[in-house]
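Take a look at the structure below.
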Amino acid sequence: MIFIEAIKFNGNPTSVSHDAVNIRQNAAHFVAVPEWRRFISVNPEDSRVAYAIAPTLGKSLYIDVALGSTDPGVAFVEVRVEHDVKARPVNFINGESGFVTFELLAPPTRHGHVGIWDVEWHWEYRSGPHHPWRHFTTTRHRIYVVLDAPTLPWKQAPYNSANTQLPWTDVLDYACRWAEGATSKDMAAALVTQDVYALGPTLITYDCPGGGGSHYSWGSFDCSAFIERLKGGVGNGIYVNCSDCATFVSTFANVLGCDLWQSRMGWGFALNQLLAIGSNTWQTACGWSGFSYHEVAWEGACTAGNDVYDACLQVDGDADPTAAPHVALLPQDLRFGNPGDLLYRDRLATPAGRTSCNPQPATRQRRVVI
Amino acid sequence: MQTEQMDFLERRYKARSWHGRTKHAGRVLKGISLEDFAPAGWTLSRKTVDERAKTKAVRSLWARGASSGELLAVDLFECASAKAAHDQVLEALANMQSSEIEMRTGAGAPGDVAFSLGSTLSLFAIANLVVLVRNAGSSVVSVEKVARDLETVAVKHLKRRPGRE
């Protein structure tokens with residue numbers, strides 16, 4: 001009998017161009033390599049793997065497979081997964097092959113967009129070119145596909161269990177679903193923004209009772225609490241503010257390969273009427289006259305010339321954002337702009353408030369995840 | 001915190017009138033435990049200690065009743081001094097967007113310096129300790145009594161085993 005002992009998808013942790021991205025499950029649990037192990041890995045979620053599209057474009061992807069044979073008479077076979085893993089010869093010495101490198105034929109990165117694929121591989125062997133292929137085992141894997149190598153706060157090094165900033169599969173579970181089908185970084189960030197805003201009012205809502213305070217992102221990003229909230233638990237409670245939303249968007253988009261920052265504007269400015277996350281009433285946030293500051297997910301240098309993604313509120317998208325009627329516009333890939341440009345700044349702040357609503361690029365950061 | 005935002009907050013909240021001033025000069029609370037500061041009638045639901053923070057910060061979530069509708073977030077910051085605590089108060093204000101948060105004065109205001117938004121948010125410093133009490137559940141409750149109770153606990157500890165700056 002031939003069997004698979006283990007499969008390594010991330011054989012080379014120093015590169016993402018020919019194999020998988022370095023990942024962990026969450027702050028507490030590491031994803032060990034080999035990702036698939038005999039008797040341990042049964043369902044797709046027991047064998048999680050992430051690939052990045054951009055660095056692997058036009059390149060072959062490889063896995064390392066350790067096979068075994070209980071038949072001492074078997075010394076040489078060919079092994080494959082039809083359509084998925086290219087056939088190659090395998091030699092057994094004392095019933096073990098050691099790790100043997102296989103080329104993937106059609107990895108999910110070929111689709112060219114973000115997604116999650118649960119794959120089932122039916123492994124076959126044959127004794128020689130003129131023998132029929134015989135099925136010998138099935139393995140199941142969950143494959144996340146992101147656009148590019150994750151950016152900060154996510155790190156690829158050092159690759160060890162102590163590095164809690166390796167991309168979390170708990171985050172990929174949501175980010176890849178929210179941005180499913182995205183073929184560009186702007187599209188992925190926009191889809192993440194839409195889905196974060198859509199969490200209101202059921203899971204999160206703007207912090208009117210607490211003065212718009214940060215509940216998940218004061219200092220570090222309490223991503224563990226946010227994930228708990230997403231899964232229906234208490235987390236850090238129902239309330240969020242702009243810093244929280246900016247952090248959700250940028251952290252979840254950056255795990256997909258986007259390159260967003262959390263950055264502020266200010267200080268002390270009056271607001272146009274808007275729809276805060278979780279609210280369906282057009283008013284200045286919670287009826288307050290203004291914001292002491294505001295924070296969004298921001299591209300590039302986080303200046304007036306760069307685009308923002310704001311999952312905390314919808315602004316008035318029509319020709320006159322200072323008055324009703326209102327047309328709800330969720331800011332996605334929208335340039336911050338200067339007063340009079342009728343871009344993000346003009347839609348958020350009143351004409352009098354716009355001069356106090358200035359980009360503060362010195363505040364840009366990517367909060368570490370805890 | 002960015003200098004410009006700090007300047008803005010110091011002007012907005014008239015920090016010169018209170019920063020560094022305490023009724024408990026020279027005394028500090030050390031080694032605070034969350035158990036001492038448990039709000040009466042509430043059950044601990046979650047506790048987080050941010051090891052990366054410069055100041056010892058204990059963040060906690062408390063539930064009341066059967067449903068998770070009533071939740072309180074209580075954050076305690078043990079600073080090195082009263083002055084550092086007042087910096088921490090400004091840091092807390094720097095993470096609140098509302099333009100309507102006001103300084104509380106008078107006999108009912110807890111601690112050395114206090115800020116609130118109606119009865120649903122309380123932020124105060126007493127000696128070197130900063131306390132932030134706010135709602136975290138969909139059923140909004142007044143936090144005033146809890147804030148006063150926590151101040152009472154802090155005063156008791158300052159009298160019983162005062163540390164020195």
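The values are calculated or read from the model by the stated rules, or taken from the named source; none is laboratory data. Computed from a predicted model, the values in this text were never measured in an experiment. Using ideal geometry, Cβ is built from the backbone for each residue, glycine included, and neighbour counts are taken over all protein chains shown.
Looking only at the range A:125-178, which residues are in a helix (DSSP H, G or I), among the aliphatic types (A, V, I, L, M) and touching a helix residue (DSSP H, G or I) at 6+ places or on another chain (Cβ under 8 Å)? Listed by number, the residues that qualify are A:Val171, A:Ala175.
Of everything in the range A:273-286 that is in contact with a strand residue (DSSP E or B) (Cβ under 8 Å, 6 or more places away or on another chain) and more than 14 Å from chain B (Cβ to nearest Cβ), the residue that is surrounded by the fewest Cβ atoms within 10 Å (Cβ to Cβ) is A:Thr281.
The residues on offer are A:Gly337, A:Gly257, and the sole one that is on the phi > 0 side of the Ramachandran plot and within 26 Å of the chain's Cα centre (by Cα) is A:Gly257.
Selection over the range A:1-48 of residues that are surrounded by fewer than 20 Cβ atoms within 10 Å (Cβ to Cβ) and of a type in the set (Phe, Trp, Tyr) gives a count of 3. Applying the condition of being of a type in the set (Val, Ile, Thr) and in contact with a helix residue (DSSP H, G or I) (Cβ under 8 Å, 6 or more places away or on another chain) to the range B:52-96 and asking which residue is modelled with the highest pLDDT yields B:Val74.
When residues in the range A:289-324 are screened for being of a type in the set (A, V, I, L, M, F, W, C) and either within 14 Å of chain B (Cβ to nearest Cβ) or buried (at least 22 other Cβ atoms within 10 Å of the Cβ) (or both), 10 of them pass. For the range B:23-49, a residue qualifies if it is buried (at least 17 other Cβ atoms within 10 Å of the Cβ) and at pLDDT below 90, and the qualifying residues are B:Ile32, B:Thr48.
Scanning the range A:198-245 for residues that are in a helix (DSSP H, G or I), surrounded by 24 or more Cβ atoms within 10 Å (Cβ to Cβ) and more than 7 Å from chain B (Cβ to nearest Cβ) yields A:Cys223, A:Phe226, A:Asp244, A:Cys245. Here A:Pro361 fulfils each of the conditions (1) in a loop (DSSP other than H, G, I, E, B); (2) of a type outside the set (A, V, I, L, M, F, W, C); (3) within 14 Å of another protein chain (Cβ to nearest Cβ) apart from (1).
The C-beta contact set for the range A:231-255 (first residue under 11 Å from A:Val171 (Cα atoms), second residue of a type in the set (D, E, K, R) and assigned to a loop (DSSP other than H, G, I, E, B), distance under 9 angstrom, 6+ apart or interchain) comprises A:Thr251/A:Arg366; A:Thr251/A:Arg367; A:Ala253/A:Asp259; A:Asn254/A:Arg366. In the set (1) within 10 Å of another protein chain (Cβ to nearest Cβ); (2) outside any loop (DSSP other than H, G, I, E, B), the condition left unmet by B:Glu100 is number (2). Here is the figure for the range A:78-101: residues that are touching a His at 6+ places or on another chain (Cβ under 8 Å) and aliphatic (A, V, I, L, M) total 1. Could you tell me whether any residue of the range A:106-118 is closer than 30 Å to A:Val249 by Cα, assigned by TED's automatic domain parsing to the domain that holds A:Thr70, touching a helix residue (DSSP H, G or I) at 6+ places or on another chain (Cβ under 6 Å) and among the charged types (D, E, K, R)? Within the range A:106-118, one or more residues are closer than 30 Å to A:Val249 by Cα, assigned by TED's automatic domain parsing to the domain that holds A:Thr70, touching a helix residue (DSSP H, G or I) at 6+ places or on another chain (Cβ under 6 Å) and among the charged types (D, E, K, R).
Considering the range B:103-131, the residues that are facing another protein chain (nearest Cβ under 8 Å) and among the hydrophobic types (A, V, I, L, M, F, W, C) include one that is nearest to the chain's Cα centre (by Cα), namely B:Leu121. The residues in the range A:246-265 that are facing chain B (nearest Cβ under 10 Å) and surrounded by fewer than 23 Cβ atoms within 10 Å (Cβ to Cβ) can be counted, and the count is 0.
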